[in-house]
Amino acid sequence: MLNYSLKRLASAVPTLLILITVAFFLIRIAPGGPFDSEKALPPEIEANLEAKYQLDDPLVVQYVRYLGDILMFDFGPSFHYRDWTVNELIAQGAPVSFTLGAIALVLAMLFGTTIGVWAALKQNTVADYATMSIAMIGISVPNFVMAPLLVLAFAIGLGWLPAGGWDGSVSRMVLPSIALALPMIAYIARITRGSMIEVLHSDFIRTARAKGLPEREVLVRHALKPALLPVISYLGPAAAAILTGSVVIERIFTIPGIGSHFVQGALNRDYTLVMGVVIFYGVLIIVLNYLVDLVYAWLDPRIRYDN
Amino acid sequence: MPVVRRLLLTLALVLLPVAGLPADGPVIHRGLGPSPDTLDIHRAQGLSAFNLLRDLHEGLLTRDPHGRPVPGMASAWSVSEDGRTWRFELDPAARWSDGAPIVAADFVRGVARAREPGTASPTVGWLAPIERVEAPDPATVVFELAHPVPWFEELLTLPVAFPYPPAGRAVSSGAFRLVEQVPGSVFRLERNPYFRAVDSVAPAAVTWHVTEEPSAELARFRAGELHATETVPPGRIDWLREQLGEALRISPYLGSFYLVYNLRQPKFAAPELRQALSLAIDRSLLTERVLGAGELPATRLVPPGLDGWPDETRDRDYRSDVERARALLRRAGHPGGRGLDVELRFNSSLAHRRMAVAVAAMWKQQLGVRTRLVNEEWKVFVTNRRHGRITEIVRGGWIADWADPANFLDNFHSASPLNYAFLSDAELDRLLDAARALRGPARLETLLAAEDRLLDRHAIIPLYYYVSRHLVDPRLSGWEDNVMDIHLSRWLDLED
């Protein structure tokens, strides 16, 4: 197990380096720079700014210096938010995005698996078909459609919840986390149903039932764990879905998380902020996938032995 | 028990400001628009940063609810006969937000810092006419100008001319002071107890909410979370008027929208061609049917609403003159639009896209000219427009920095970095240069001649004048629509 986990960890380093390199040069190739605006700056001011942010060196020199800086965990000053460093912006945005993402993930797991198991038990009944049809709609409707609908109904129509903003209060978390979780609830429900049906038809469940175990015991003790395996392996992609989803959701609900910095940073050509967020996302996805692999290996011994 | 009590007390303290209940005035929630770049008075340049800075700081002059310049930190001033020496007496009540008095040296320090190369101030160019600024005594500021500047009073209401505190003191000089800022989210301001006119400031606090998406801002206004929005999403004006009635505030704005020919392109060499394309556009149709947010059709550059400037918007025909346009195009060597296709480039925006599609359709239907529409992301667009290597016809526009026609016209001086037409016209340059040395009606006449000259050259196609668009809670008083679209929070109040 240790051997396996170390091997997986070592492969993360080159992945990250490739990510950094590609992102660094891609954003620099994009036309327009951080200081371009409607009213063109006088050339001497532009030169001052470029000198201040060390943009006047050759690109390769900047790249090498950047690699050195990030080894020291210094992501540099933001080019757009002149009063802030990228470290400060990420430190401020990360807890917000994490909170939102974590709530959404918990909601998705809780409701997704429950609905999935229930549908599996009612296999091929009206209830099953109805639930799965709704789930299909949940998967197909993108969250940038779902989110404004939720706002329209619960913030503007009923006036129960705020339409946006973030101050750490629960009421402001409800709509964005539901909007973020909905497609995942649907997806997890479908996965759970499928694998639960498969497990329920397997020999060891038949054996458990033949031994006279109560149905409840059969489900909870024997069927649930193997049925959840595909759900666990979906958690890696799910985390990525939360990250990309939050980019949209954070903008719709004006939430000051990493996602909105990512979009705004790219539009503003805020090189350092975009790089900071890319690295942050990269590390996060790599770590989450790594954890999922570990959990998976723990749940299914065949995996750790094969490797 | 004490623990519970302490918890409840803390909870009450936390909830109080959110609920907007401080006894001595309302908390006003305003939409800010995009996240401001910085709160440094010399480095800021976006509209949203300026709105915040006008609440946090004050200059020698400030703006009244109608957007007109009025005394700020200066209680009185005089200007010399030649218009080049301005002498300001400071209001003795002027204080920094820590209670220390504001002195003339703070203004001298401000100009000096703006001009330091290390500051890299994008707006320092506005101070160019200032030759010298001095503080003969702590209560007097004297400016020596290189030439008379008719908009000097307005210039002093801009952040780049605000006083700057001595090093190491994070203080502000305006009606409010900053309590908290979360980038990309909110800026919380509270009333500055040391503000020189604090008794006239009704709001106990102002919270500016960053609103990158106009539709999200609209939702928050409809849910009762904002008292005033920065803008209104385009294209839904009728629906909004029906839904929100008197909350919708649309009013003329000192801004002009036009298309610009890149005169470096050989295909635009013939003035007849440039005029023909302009004549083929039905501006009434464009503003009423396509944009529909109250924009005023335009055939000139400088918008109405400036003192002493003729208002050309009344009793004019803004429909197209197709017959003349066809004749001109024929004379330019393109009968029926033959052999002519043009490219129209604009930055991504729903309003611009609608405009571009409509203009292209008019050119095609009326003149037979084919148009390629090129939609570019903002940074790409401004870069291409500035270089002028690949552009043909680009979207142009200008929002006044101060209420003066030269602010619009100087952009077409051959030496201006904002001359996207790459127009080089000796007569226009001569008129603009001459106006700089003049004052009063003679200056306006010269500028009017300059505008005529610019339009005669057909370097631009004026389309419409901007309007400002806001949603304002009917309970919010002190919000007066004005052509500068400047609304300081200190004039606002919230009625129960």
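The values are calculated or read from the model by the stated rules, or taken from the named source; none is laboratory data. If you're wondering where the values come from, they're calculated on a predicted model, not measured in any experiment. Here Cβ is always computed from backbone atoms with ideal geometry, including for glycine, and neighbour counts include all displayed protein chains.
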Open item on the list: When you check B:GLU81 against the structure, is it modelled with pLDDT of 95 or more and either of a type in the set (D, E, K, R) or in contact with an Asp or Glu (Cβ under 6 Å, 6 or more places away or on another chain) (or both), yes or no?
Closed with: no
Open item on the list: Anything in the stretch A:40-62 that is facing chain B (nearest Cβ under 8 Å) and crowded, with 17+ Cβ neighbours inside 10 Å? List them, or say none.
Closed with: A:ALA40, A:LEU41, A:ILE45, A:ASN48, A:LEU49
Open item on the list: Filter the stretch B:454-488 down to the residues that are touching a residue at least 24 places away in the same chain (Cβ under 8 Å), within 20 Å of B:GLY396 (Cβ to Cβ) and either assigned to a helix (DSSP H, G or I) or of a type in the set (Asp, Glu) (or both) and list them by number.
Closed with: B:LEU454, B:LEU455, B:ASP485
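Based on what the data block shows, is B:ASP433 surrounded by 21 or more Cβ atoms within 10 Å (Cβ to Cβ), acidic (Asp, Glu) and away from chain A (no Cβ under 14 Å)?
Values: surrounded by 21 or more Cβ atoms within 10 Å (Cβ to Cβ): no; acidic (Asp, Glu): yes; away from chain A (no Cβ under 14 Å): yes.
In short, no.
Kindly establish whether B:PHE408 is in contact (Cβ under 8 Å) with a residue 40 or more places away in the chain, within 14 Å of another protein chain (Cβ to nearest Cβ) and over 24 Å from B:THR123 (Cβ atoms). Spell out how you get there, then give the answer.
On the way: in contact (Cβ under 8 Å) with a residue 40 or more places away in the chain: yes; within 14 Å of another protein chain (Cβ to nearest Cβ): yes; over 24 Å from B:THR123 (Cβ atoms): no.
Taking the combined requirement at face value, the residue does not satisfy it.
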- [ ] Test each condition in (1) in contact with a helix residue (DSSP H, G or I) (Cβ under 6 Å, 6 or more places away or on another chain); (2) away from chain B (no Cβ under 14 Å); (3) not β-branched (Val, Ile, Thr) for A:TRP298 and report the one that comes out false.
- [x] (1)
- [ ] Would you please name the residue that is nearest to A:ALA266 (Cα to Cα), looking only at residues in the stretch B:377-405 that are more than 9 Å from chain A (Cβ to nearest Cβ), in contact (Cβ under 8 Å) with a residue 24 or more places away in the chain and of a type in the set (D, E, K, R)?
- [x] B:ARG385
Open item on the list: So for the stretch B:138-151 (the condition being touching a helix residue (DSSP H, G or I) at 6+ places or on another chain (Cβ under 9 Å), surrounded by 21 or more Cβ atoms within 10 Å (Cβ to Cβ), without any contact (Cβ under 8 Å) to a residue 60 or more places away in the chain and more than 11 Å from every other protein chain (Cβ to nearest Cβ)), does at least one residue qualify?
Closed with: yes
Open item on the list: Can you pull out every residue in the stretch A:155-175 that is outside any loop (DSSP other than H, G, I, E, B), under 24 Å from B:GLN181 (Cα atoms) and either hydroxyl-bearing (Ser, Thr, Tyr) or facing another protein chain (nearest Cβ under 7 Å) (or both)?
Closed with: A:SER171
Open item on the list: Condition (residue is part of a loop (DSSP other than H, G, I, E, B), of a type outside the set (Lys, Arg), within 16 Å of B:TRP402 (Cβ to Cβ) and modelled with pLDDT under 95) applied to the stretch B:101-123: is it met by at least one residue?
Closed with: yes
Task: Flag for A:ILE249 being β-branched (Val, Ile, Thr) and facing chain B (nearest Cβ under 10 Å) - done: no
TODO: Read through the list (1) away from every other protein chain (no Cβ under 14 Å); (2) farther than 23 Å from A:ILE29 by Cβ; (3) of a type outside the set (Phe, Trp, Tyr); (4) assigned to a helix (DSSP H, G or I), then give the number of the only condition that A:SER260 fails.
DONE: (1)
- [ ] Working only within the stretch B:127-162, note down all residues that are over 22 Å from the mean Cα position of the chain (by Cα) and under 21 Å from B:PRO92 (Cα atoms).
- [x] B:VAL133, B:GLU134, B:ALA135, B:PRO136, B:ASP137, B:PRO138, B:ALA139, B:THR140, B:VAL141, B:VAL142, B:PHE143
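Quick one: is B:ARG475 among the charged types (D, E, K, R), under 30 Å from B:ALA202 (Cα atoms) and more than 23 Å from the chain's Cα centre (by Cα)?
Details: among the charged types (D, E, K, R): yes; under 30 Å from B:ALA202 (Cα atoms): yes; more than 23 Å from the chain's Cα centre (by Cα): yes.
Answer is yes for this residue.
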TODO: Tell me which residues, restricted to the stretch B:353-379, are surrounded by 18 or more Cβ atoms within 10 Å (Cβ to Cβ) and within 21 Å of B:GLY46 (Cα to Cα).
DONE: B:GLU376, B:LYS379
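Residues are listed down the side, and each one gets a yes or a no for (1) within 23 Å of A:PHE79 (Cα to Cα); (2) in contact (Cβ under 8 Å) with a residue 60 or more places away in the chain:
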| position | (1), (2) |
| --- | --- |
| A:VAL218 | no, no |
| A:PRO230 | no, no |
| A:TYR234 | no, no |
| A:GLY245 | no, yes |
| A:THR254 | yes, yes |
| A:GLY257 | yes, yes |
| A:LEU267 | yes, no |
| A:PHE280 | yes, yes |
TODO: Might you check whether a residue that is charged (D, E, K, R) and in contact with an Asp or Glu (Cβ under 7 Å, 6 or more places away or on another chain) occurs anywhere in the stretch A:163-183?
DONE: no
Task: Members of the stretch A:21-39 that are more than 9 Å from chain B (Cβ to nearest Cβ) and free of Cβ contacts under 8 Å to residues at least 12 places away in the same chain - done: A:VAL22, A:LEU26, A:ILE29
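Name the residue that is surrounded by the fewest Cβ atoms within 10 Å (Cβ to Cβ), counting only residues in the stretch A:63-109 that are in contact (Cβ under 8 Å) with a residue 12 or more places away in the chain, closer than 25 Å to B:THR38 by Cα and more than 23 Å from the chain's Cα centre (by Cα).
Let us first name the residues in the stretch A:63-109 that are in contact (Cβ under 8 Å) with a residue 12 or more places away in the chain, namely A:63, A:66-67, A:70, A:73-81, A:86-87, A:89-90, A:92-94, A:96-97, A:99-101, A:103-105, A:107-109.
Filter again for closer than 25 Å to B:THR38 by Cα, leaving A:66, A:70, A:73-81, A:86-87, A:89-90, A:92-94, A:96-97.
From what is left, the residues that are more than 23 Å from the chain's Cα centre (by Cα) are A:66, A:74, A:76-81.
Working: A:TYR66: 19, A:ASP74: 15, A:GLY76: 19, A:PRO77: 19, A:SER78: 29, A:PHE79: 22, A:HIS80: 25, A:TYR81: 23.
Checking each candidate, the answer is A:ASP74.
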Task: In the stretch B:180-204, residue farthest from A:GLN264 (Cα to Cα) [restricted to those that are in contact with a Pro (Cβ under 9 Å, 6 or more places away or on another chain) and within 14 Å of chain A (Cβ to nearest Cβ)] - done: B:ARG188
